Amino acid sequence: MNQLRHNNQSGFTLVEVLITSFIFSIIMLSVSGLFISILANERRAFAAQAIQENGLFIMELMSREIRVSQIRAADQNPPGDSPGCTLTSLTIDHPVNGTVTYSLNGSTGVLQRTAGGFTSDLTSSTVSFSRLNFCLLGSDPTDQKQVRVAILASVRNKTGKDILTFNLETAVTSRNLESEFTR
């Protein structure tokens, strides 16, 4: 008895393997491009977070001291209001810390606080200030208005592929604590 054996081996042809490899490589290129884009966006988000954290911390620090202090404009002669936001430094008489001056070192972009003859840098090493201006209203003692200070700042990151800049602004009302408690 002679039996016929049929060998039904099936497999992929060369054309099928090439088409499958081509489609797989297109999918992998798309996925890897998306992954690289996600990583770039993550680095950008971390840089933005660092700018906001540093900038908002400094703005809050200045606001707290200004709120309880008497205001003196450091670079305005004669002293008075500055509604055009032309002040680049601000001097205050703090009830505990004495005379405090906030100014920007334009060459380095470092925000500095001078108190008691000691100057300290407020800016971290990851960010720099490109602008710091103060708007001063109500500083004339004869106008019977409460002193208001608006702080305008531009903060940017020093490192990274993308340089991001954030514009921050806050307004602070200086309270005269002595007159509030004597009323």
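Hey, can you tell me all the residues within segment 105-138 that are among the polar types (S, T, N, Q) and either part of a strand (DSSP E or B) or at pLDDT 90 or above (or both)? Can you show your working first?
Within segment 105-138, the subset among the polar types (S, T, N, Q) is 105, 107-108, 112, 114, 119-120, 123-126, 128, 130, 133.
Selection gives N105, Q112, T114, T119, S120, S128, S130, N133.
A quick yes/no check of all residues on (1) modelled with pLDDT under 90; (2) closer than 30 Å to K161 by Cβ; (3) of a type in the set (A, V, I, L, M, F, W, C):
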residue: M1; (1), (2), (3): yes, no, yes
residue: N8; (1), (2), (3): yes, no, no
residue: T13; (1), (2), (3): yes, no, no
residue: I19; (1), (2), (3): no, no, yes
residue: I23; (1), (2), (3): no, no, yes
residue: I26; (1), (2), (3): no, yes, yes
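Quick one: Y102 ticks every box in (1) modelled with pLDDT of 85 or more; (2) loosely packed, with under 10 Cβ neighbours inside 10 Å; (3) within 30 Å of I151 (Cβ to Cβ) except a single one, so which number is it?
Looking at each condition in turn, Y102 falls short on (2).
Quick one: would you say P79 is over 14 Å from the mean Cα position of the chain (by Cα), part of a strand (DSSP E or B), more than 18 Å from L104 (Cβ to Cβ) and modelled with pLDDT under 90?
On the way: over 14 Å from the mean Cα position of the chain (by Cα): yes; part of a strand (DSSP E or B): no; more than 18 Å from L104 (Cβ to Cβ): yes; modelled with pLDDT under 90: yes.
For P79, the condition - over 14 Å from the mean Cα position of the chain (by Cα), part of a strand (DSSP E or B), more than 18 Å from L104 (Cβ to Cβ) and modelled with pLDDT under 90 - is not met.
Contact list please: Cβ distance under 8 Å, first residue in segment 110-124 and more than 14 Å from T88 (Cα to Cα), second residue in a loop (DSSP other than H, G, I, E, B), pairs at least six apart or on different chains.
Close Cβ pairs (under 8 Å, with a partner that is in a loop (DSSP other than H, G, I, E, B)) amount to A115/N97; G116/N97; T123/G109.
Somewhere in segment 29-46, is a residue in a helix (DSSP H, G or I), over 30 Å from N157 (Cα atoms) and of a type in the set (A, V, I, L, M, F, W, C)?
Of all residues in segment 29-46, those in a helix (DSSP H, G or I) come to 29-46.
Next cut, over 30 Å from N157 (Cα atoms) only: 29-30.
So of that shortlist, the ones also of a type in the set (A, V, I, L, M, F, W, C) come out as 29.
So far as segment 29-46 goes, yes, one or more of its residues are in a helix (DSSP H, G or I), over 30 Å from N157 (Cα atoms) and of a type in the set (A, V, I, L, M, F, W, C).
The values are calculated or read from the model by the stated rules, or taken from the named source; none is laboratory data. Every value quoted in this text rests on a predicted model; they were computed, and no experiment measured them. With ideal geometry, Cβ positions are generated from the backbone for all residues, glycine too; neighbour counts draw on all protein chains shown.
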